[in-house]
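A short write-up of the structure that comes next.
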Amino acid sequence: MEKTIPEYKIYKYWFDKDLKLISNCKSRGFIFSNLFHCSSSYFKKKYEPLDLITRILTHKNREQRSAFFRFLSGYCFLFTQSCMKCGFTTPDSIHFLLNCPFFITERTEYLQKVRKMLSNHFPTILPDFNHSITNDKKTAVLILFGANTKTKNPNGNITFFRNPLKPFHALNSIPAHTADFATKIISVFNS
Ligand SMILES: [Zn+2]
């Protein structure tokens, strides 16, 4: 009798392939590939890296979910050769969410909400977030997209990823704020 391959193994195989492609897109795939790396417990039972949309962004409308995933995947019509507002070369999610001077007022409000959430519920993460904001911003942006677990990578650096076993974690309100801010950014260019 033919042996049945468990469904999660098939998902894992294809996800691994997709992830390699995304990871090879230099900075574009950085957020997605770090949040949902293949060794994570997303693959213990079933494939559900999109729990972000099915659980966390469930109260957001289509426009907000779409804006969130454009920024998460690194594929958005704003990510062109240069920023249409400030002229920065090859702008990406980090540029618009954390650097572009055009959005400074909205960003201040957004980051205040995020810091309040971290300081109320995860004071141990706040220093990592603040340190990252003033440095390469990579850890900060992972937290903004739903990373909820701190870990050490093979070279000893602290990094964050998304652990699906914490589905109702209080940190989940942070990606919802990110969806709102990404929507505001896109609406400026669409108006
Ligand atoms: Zn800009």
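The values are calculated or read from the model by the stated rules, or taken from the named source; none is laboratory data. Given the structure is predicted, the values throughout are model-derived calculations rather than measurements. All Cβ positions, even for glycine, are placed from backbone atoms using ideal geometry, and neighbour counts span all protein chains on display.
Just need a number here: residues in region 74-84 that are near the ligand (Cβ under 8 Å from one of its atoms) and without any contact (Cβ under 8 Å) to a residue 60 or more places away in the chain. Before the answer, list the steps.
Going through region 74-84, the residues near the ligand (Cβ under 8 Å from one of its atoms) turn out to be 83-84.
If we keep only those that are without any contact (Cβ under 8 Å) to a residue 60 or more places away in the chain as well, we get 83.
The number of residues fulfilling the criteria is 1.
Lys116 - would you say it is within 16 Å of the ligand (Cβ to nearest atom) and of a type in the set (D, E, K, R)? I'd like the intermediate steps shown before the answer.
Values: within 16 Å of the ligand (Cβ to nearest atom): no; of a type in the set (D, E, K, R): yes.
Here the answer is no, as Lys116 does not meet what is asked.
Mind checking which pairs have a first residue in region 102-128 that is in contact (Cβ under 8 Å) with a residue 60 or more places away in the chain and a second that is among the charged types (D, E, K, R) and assigned to a helix (DSSP H, G or I), Cβ under 6 Å, 6 or more apart or different chains?
Glu106/Lys184
Within region 64-74, is there a residue that is surrounded by fewer than 20 Cβ atoms within 10 Å (Cβ to Cβ), basic (Lys, Arg) and part of a helix (DSSP H, G or I)?
Yes; the residues of region 64-74 include at least one that is surrounded by fewer than 20 Cβ atoms within 10 Å (Cβ to Cβ), basic (Lys, Arg) and part of a helix (DSSP H, G or I).
Out of Lys46, Lys17, which single residue is of a type in the set (D, E, K, R), more than 19 Å from Ile186 (Cα to Cα), over 16 Å from the mean Cα position of the chain (by Cα) and at pLDDT 70 or above? Don't jump to the end; show me each part of the working.
Details: Lys46 fails: at pLDDT 70 or above.
Within the list Lys46, Lys17, the selection yields Lys17.
To keep it simple, each residue is scored yes or no on (1) among the hydrophobic types (A, V, I, L, M, F, W, C); (2) at pLDDT below 90; (3) under 22 Å from His59 (Cα atoms).
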site: Leu97; (1), (2), (3): yes, no, yes
site: Phe122; (1), (2), (3): yes, yes, no
site: Ala140; (1), (2), (3): yes, no, no
site: Ala147; (1), (2), (3): yes, yes, yes
site: Pro154; (1), (2), (3): no, yes, no
site: Ala170; (1), (2), (3): yes, yes, yes
site: Phe181; (1), (2), (3): yes, no, yes
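Among residues belonging to region 85-102 that are more than 8 Å from the ligand (Cβ to nearest atom) and assigned to a helix (DSSP H, G or I), point out the one that is surrounded by the fewest Cβ atoms within 10 Å (Cβ to Cβ). Explain how you work it out, then say what you get.
Taking region 85-102 and keeping what is more than 8 Å from the ligand (Cβ to nearest atom), we get 89-90, 92-94, 97-98.
Now drop any that are not assigned to a helix (DSSP H, G or I), which leaves 93-94, 97-98.
Details: Ser93: 27, Ile94: 20, Leu97: 22, Leu98: 17.
Only one residue tops the list, namely Leu98.
Being closer than 23 Å to Ile186 by Cα and crowded, with 17+ Cβ neighbours inside 10 Å, is that true of even one residue in region 114-129?
So far as region 114-129 goes, yes, one or more of its residues are closer than 23 Å to Ile186 by Cα and crowded, with 17+ Cβ neighbours inside 10 Å.
When you check Arg65 against the structure, is it of a type in the set (Lys, Arg), at pLDDT 95 or above and under 21 Å from Pro175 (Cβ atoms), yes or no?
no
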